[in-house]
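Student: This is the structure I have questions about; it appears just below.
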Amino acid sequence: MAKKESGSRCSMCGVTDSPSNPVVTVLDGLNLCTDCIKFIDDARDSELGRRKKDVSVKTEPEATSVPKPREIKEFLDQYIIGQDEAKKYLSVAVYNHYKRINQASQDDDVDIEKSNIILVGPTGTGKTLLAKTIARLLNVPFTIVDATVLTEAGYVGEDIESLLTRLLQACDYDVEQAERGIVFIDEIDKIARKSDNPSITRDVSGEGVQQGLLKLLEGSTVLVPPNGGRKHPEQKLIPVDTKNILFICGGAFDGIERKIASRLNTHVVGYGHDEAGRKRQRENLMRYVMPQDLKSFGLIPEIIGRLPVLTSLEPLDKAALRRILVEPKNAIIRQYKKMFLLDGVELEFTDDALDLIVDKAIEYKLGARGLRSIVETIMVDAMYDVPSSSISKFTVDAEYVARQLEKANFEKTKMTD
């Protein structure tokens, strides 16, 4: 360890040891004062930063380093059950986007534009999970932002540019990395135009936000406040080019089925029609969603044009929910089994218990997100008692599930059609 020797001189600058600038022995025969040590540290940090920047420029990933669409979908299949059509659209769009970025330096007359994505589907079908999983595979900066908090500049709420603040924070304010990231804008349907006539009132959280999003989606240099919130004249702003940022928008668009049905003219007249078949037809209407349906719902044509990839997510049926419980790498049942295993207890769910959990999720209209809530309610007593017990195995059957749900008053909170 370095130590101070009385009366010693710095080998670099020759200054004598003093309380204000102490000299320490770094190696035998090598003495350095505090100022020289700081100078060496600063020079080292500067050189390392320069080399890191040079390496990042020289080792920019080639197009071949981006997983192929089929490989992206296979990765998504490990974490997300079903939604094959949405996975295919996303895989192709993401692959083409990063292939376009990596080939941007080539001198060519053809300018490939980016393909932002919009996902339409009921709540709990996996819109956010799809975007998160793709970002994990590509190892790029990723952030999720909620469109409901955004307002026009000058009004209470967050400015549009705060979307990019979150992306900068996700990569420690490395602008170069942020300009290759992914932004998932959730609840995009909540900024739909509130009226067919935009001149009636000032729609500051609807059409006004859509107008503000245009410059981000199309690709332009935006001045971003480093800490989010409102911009003010004395604040230092960070310029961010959104040309290579992929925007994925998701929304439930509750009620858009009526717009689709009206366009397809699916109303049935007569007494002999099968009611079950008609209900099934209504549930599957989302797969027929088109840009004109989004326009009827309240999105302005300009923003629809900047979200060229439109795909829908199907409602999850009983078979899909059952697979979601046990099959993915991070399946809910696997998570609970691992938690119990950390206490030395083997956890087992019977088939009839899993079927009952799925039935309740469908009955309560909670979707995949509700499976976690139901299992947590069922397991809370066991997680409280088992760590203090001496048992080595705990089995959850249908009777235990029914008893725990009744105890938690789940039946009283059941939603009705």
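Student: With each label point set 7 Å from Cα along the Cα-Cβ vector, what nm distance links Arg287 and Val380?
Tutor: About 3.9 nm, to one decimal.
Student: For the range 326-412, with all protein chains present and a 1.4 Å probe, just round the carbon and sulfur fraction of the accessible area to a whole percent.
Tutor: Within the range 326-412, the accessible surface is 51 percent carbon and sulfur.
Student: Which stretch or stretches of the range 356-393 have amide N atoms under 20 Å from the point lying 7 Å from Asp343's Cα along the Cα→Cβ direction?
Tutor: What the label zone holds, given the 20 Å backbone N cut-off, is 372-393.
Student: May I pose another question? Rounded to the nearest 0.05, what FRET efficiency do Arg369 and Glu47 give with R0 = 51 Å and r taken as the Cβ-Cβ distance? Could you check?
Tutor: 0.55
Student: Any of Lys68/Lys295; Lys259/Lys360; Lys295/Lys365; Lys127/Lys365 with alpha carbons more than 25 Å apart? Name them for me.
Tutor: Flagged as over cut-off: Lys68/Lys295; Lys259/Lys360; Lys295/Lys365.
Student: Same structure again: Please work out the average accessible area per residue across the range 278-346, using the 1.4 Å probe convention, and give it in Å².
Tutor: 57
Student: Same structure again: Pull up all non-local amide H partners of Asp241: gap of 5 or more, or a different chain, and H-to-H distance under 5 Å with H placed in the peptide plane.
Tutor: Hits under the 5 Å cutoff: Val222.
Student: I've got another one for you. Suppose the chain between Ser262 and Phe39 were pulled fully straight at 0.36 nm per residue; how much longer would it get relative to their current alpha carbon spacing?
Tutor: Separation in residues times 0.36 nm, less the Cα-Cα distance, equals 73.0 nm.
The values are calculated or read from the model by the stated rules, or taken from the named source; none is laboratory data. Predicted, not measured: the structure shown is a model, and the values here were computed from it. As a convention, Cβ positions derive from the backbone with ideal geometry for all residues, glycine included, and neighbour counts pool all protein chains shown. Heads up: the accessible areas ignore ligands, DNA and RNA and are worked out on the full protein's heavy atoms, side chains in. Shrake-Rupley method; radii C 1.70, N 1.55, O 1.52, S 1.80 Å.
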